[in-house]
Amino acid sequence: MAGHGHVAHSPKRHTGLMDWLTTVDHKKIGILYLVAGGFFFLLGGLEAILIRIQLMYPDSHIFIGATFNELTTMHGTTMIFLAAMPVIFALMNAVVPLQIGARDVAFPFLNALGFWFFFMGGLLLNTSWFLGGAPDAGWTAYAPLSSAFSGRGVDFYVLGLQIAGIGTWLGGINFLVTIINMRAPGLTFMRLPMFTWTAFITSVLVLFAFPAITVSLVLLMFDRLFGANFFDASAGGNEVIWEHLFWIFGHPEVYILILPAFGILSEVLPTFSKKRLFGYSAMVFSTVLIGFLGFMVWAHHMFTVGLGPVANAIFGIATMLIAIPTGIKIFNWLFTMWGGQIRFTTAMLYSVGFLPTFVIGGMTGVMLAVPTADYQYHDSYFVVAHFHYVIVGGMVLGLFSGLYYWWPKMFGRMLNETLGKWNFWTFFIGFHLTFFPQHFLGLLGMPRRVFTFQEGMGLDSMNFISSIGAFLMGVGFIIFVWNVIVTNSKKQDAPADPWDARTLEWTIPSPAPEYNFAQTPLVRGLDALWTEKMAGNKKMTPAEPLGEIHMPSASILPFLMSVGLFIAGYGFIYHMYVLVGIGAVITFGCMFARSFKDDPGWHVPLDEIERTEKEARA
Amino acid sequence: MSTEVSTNLPPHPEKATLEGKNKVLGFWLFLGGEVILFGSLFATFIALRSSFGSGPASQELFSLPLTAVATFILLTSSLTSVLGIQAMHRNDLSGVLKWFGITVLFGVAFLGLEIYEFFEYVHEGHTMSSGAFGSAFYTLVGFHGAHVLGGVCWITGLIAKLPKKGLNVVTAPKIYVASLYWHFIDLVWVFIFTVVYLMGKVG
């Protein structure tokens, strides 16, 4: 981990495990998100490989029936909610405050709370494997399958996602306020780095999308635990309500995932092409437009439900419209590279690899947006191929790019480039081997979520290739983990600006000191650091004199509050309302303690700032 | 960013510090998310409001005089919380305590009526399980009631500590966002009164 070189100075500072449990520092919370997200990514990846082992040969009997349903359900749920979201939040935490020249986020305490809620929710969900079986109603948990015909696993799904979702939602509010209120002097909205812009729009989507899943999970919970009839048609309920609410959340969710990847590309491509981003304003407005349209298309997941031709046509056209701002982005990235001095670092490889892959995923997306055609593709492997092309081929490649790019800023060490290239090529080739054949498997009629297929139907060889590809992706990820381990054993010697980059985070030492900026910088143009470089300045112009820096105090309360919800979650699942009471007392008790005892924070003394800055520049 | 306590309050003490500004903006965003939360509950209710199942129909169930009194109480409590904020802007601690104290009492009275109402309904066979209408009714109105309960506990906690802490740039944003929350609860109730009770009575 990124140990800071400070000596313990104030009694407010903890060390070791206690430091990680109590930290409110956005950089450390970013690392916590990354470690937790990486752990869940490993779990979700393992589940994927087990699925591919079962589907490697026709008529296998390794993971069949309920076990296979549990694997697909947990693979989807884990990857979306517990792996993708936290790694995005890891990068947002690590990068956004630095890109806007802030000392911290707007609500450091809330930031920690968001992480611990997410983590405890994910843990709760995954303990279902050991407590009578994981949820098996699909990651979309359609009612009435989930409400009336599934075992206790779905209770874990409901409570786990509810707790994790609240955490994510709090994180969204935190980033919105941070970006609106805490930008450095001169950093107007139209000078914001693109990654921060996408973090901003993603947070807007989090804010307005997550309450919809909160409600859908509440309805499902009430149906399952308290005898409500929301999804029971015999009592006047309506199971389509679940589908609407789930996708009113679920579709913005996929833009929540992909927009930060767009932002990462918009940072990496200009840096390694040594050119400013082509069409910055168009990039900003297309991001906003994608975010807006993302709320207008949820029913394209429900074309075959029977909403009628008018609704299907409207949602189909709205879906196709999204291709326009996305196309603008693709062309702007290509024009950014055009004529640039391109350096193919691992980060750049991942970004460049993103482009054709994501275009394929986008193209199948437009194909799926045609309602009449969708009746053919529906619930087949074509859909599986499509969303893995946009989520893995898009978001995951983007996140890897961002990790290689910002790793030195997060940890003070450069990831190994040779291992990085092995990591990229194995993962990239493995990805296409896995998912490209699945388009054709789908067109040949292979349904998703079915645990086997018969021999001699023309599905054998493509399923085999797909499984080989999955193993290769696994190898790629292991190489990444190995790279992290190797890198972690080296000394922290990354320079402040290893890539000759353009934005504010590269003006401060790697890793960033606890207070980020000794002096708040003055921003004088788009690409703040590059502006100064072009003006021949060695460093940023400070906007304030050097002085003591006020910091928020560490606190164990966020951890305890999430433990309270964790306990209450089990209480609901097992109908042990004493546990619910105990959990509620812990959580609300901590809330009141937090509300009544004001945190005056503490100050980093001037001599310590001067010493830290001198050591970092040495 | 300092947290010194001064006896002279600045003109808008709730937004006088960056922390205060952050808190107020963050709270507005929180309420934005709450709008989606209640919007989803309303949409669900509207879809299921005629599915009475084995329970009584809404036309025979609801008693408008009772809900009218509850509405009057809650709307008045919004007014008293505004008077509390005005007292805060005048740096009048006892005024803040008085008006927010009255707000809390109104909130408790509202909750009392709601609990009484729910008891009556259960006796008449209108329960969570009597039909989809029952499920949607108790979830929507209950969510609102839980919000009122949360607000009552929150504001009670705030004014309990206020005599010791006094009015300053740390406590002012807390009082201000609590009053925003209270207005929001009130606004949601206006929609509940219209969509659940009035529409339930006519058809």
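The fraction of all Cα pairs in the range B:13-202 landing in successive 5 Å bins from 0 to the largest distance is 1, 8, 16, 18, 17, 13, 10, 7, 5, 3, 1, 0, given as whole percents. Size descriptors for the protein assembly as shown (Cα atoms only): Rg and Dmax, in that order, 27.3, 85 Å.
A straight chain from residue A:546 to residue A:62 at 0.36 nm per residue would run longer than the Cα-Cα distance by 167.7 nm.
The residues neighbouring residue A:210, those whose beta-carbon lies less than 13 Å from its own, together hold a net charge of -2 under the Lys/Arg +1, Asp/Glu -1 convention. The calculated pair-distance distribution of the range A:7-79 uses every alpha carbon pair, bins of 5 angstrom beginning at 0, and gives 3, 14, 17, 14, 9, 9, 8, 8, 7, 5, 3, 1, 1 percent. Peptide A:236-247 shows a mean partner chain C-beta count of 4 within 10 Å per residue C-beta. In the range B:13-202, taking the dipole from charged Cβ atoms about the Cα centre, the farthest positive-side position among B:196, B:182, B:93 is held by B:93. Across the range A:319-425, the convex hull enclosing all Cα atoms gives 115 Å³ per residue. Cα centroid separation, the range A:449-471 to the range B:136-203: 56 Å.
For the range A:129-264, the orientation-averaged shadow of the C-alpha convex hull comes to 9.7 nm² (one quarter of the hull surface). Inter-chain neighbour count for B:39-50: the average number of beta-carbon atoms from partner chains within 10 Å of each residue's beta-carbon is 5. Residues whose amide H falls under 5 Å from that of residue A:602, counting only those 5 or more places apart or on a different chain, are A:551, A:553, with hydrogens built in the peptide plane.
From the P(r) of the range A:197-259, could you give the percentage of C-alpha pairs in the tail past 16 Å? Roughly 50 percent, rounded to a whole number. Dipole magnitude for chain A: about 1420 debye, using +1 per Lys or Arg Cβ and -1 per Asp or Glu Cβ, origin at the Cα centre. Placing a label point 7 Å from the Cα of residue A:338 along the Cα-to-Cβ line, the residues of the range A:247-271 whose backbone N sits under 20 Å from it are A:265-271. Annotation: the range B:1-98 has a Kirkwood hydrodynamic radius of 17.8 angstrom, from the mean reciprocal C-alpha pair distance. Remark: the range A:464-575 is approximated by an ellipsoid whose semi-axes, taken from the C-alpha gyration tensor as √(5λ), come to 39, 29, 15 Å, largest first.
The packing ranking, built from the mean of other Cβ atoms within 10 Å per residue, places the peptides A:29-42, B:141-154, A:242-255 in the order A:242-255, A:29-42, B:141-154, highest first. Compute the label zone of residue A:233 within the range B:47-77: residues whose backbone N is under 19 Å from the point 7 Å along Cα-to-Cβ. Only B:47-54 fall inside the zone, counting backbone N under 19 Å. Averaged over peptide B:132-140, the number of partner chain Cβ atoms lying within 10 Å of each residue's Cβ comes to 6. Percent of Cα pairs in the range A:547-618 per distance bin of 10 Å, from zero to the largest separation: 19, 28, 20, 17, 12, 5, 0. Debye-formula intensities of the range A:194-336, expressed as log10 I(q)/I(0) at q = 0.13, 0.14, 0.15 Å⁻¹, are -0.66, -0.73, -0.80 (one equal scatterer per alpha-carbon, no solvent). Restricting the calculation to Cα atoms, the range A:60-112 shows an Rg/Rh of 1.32 when the hydrodynamic-style radius is the Kirkwood one.
Laboratory data are not the source of any read-out in this text; all were calculated from the coordinates shown. Keep in mind it's a predicted model, so treat the numbers as computed, not measured. Using ideal geometry, Cβ is built from the backbone for each residue, glycine included, and neighbour counts are taken over all protein chains shown.
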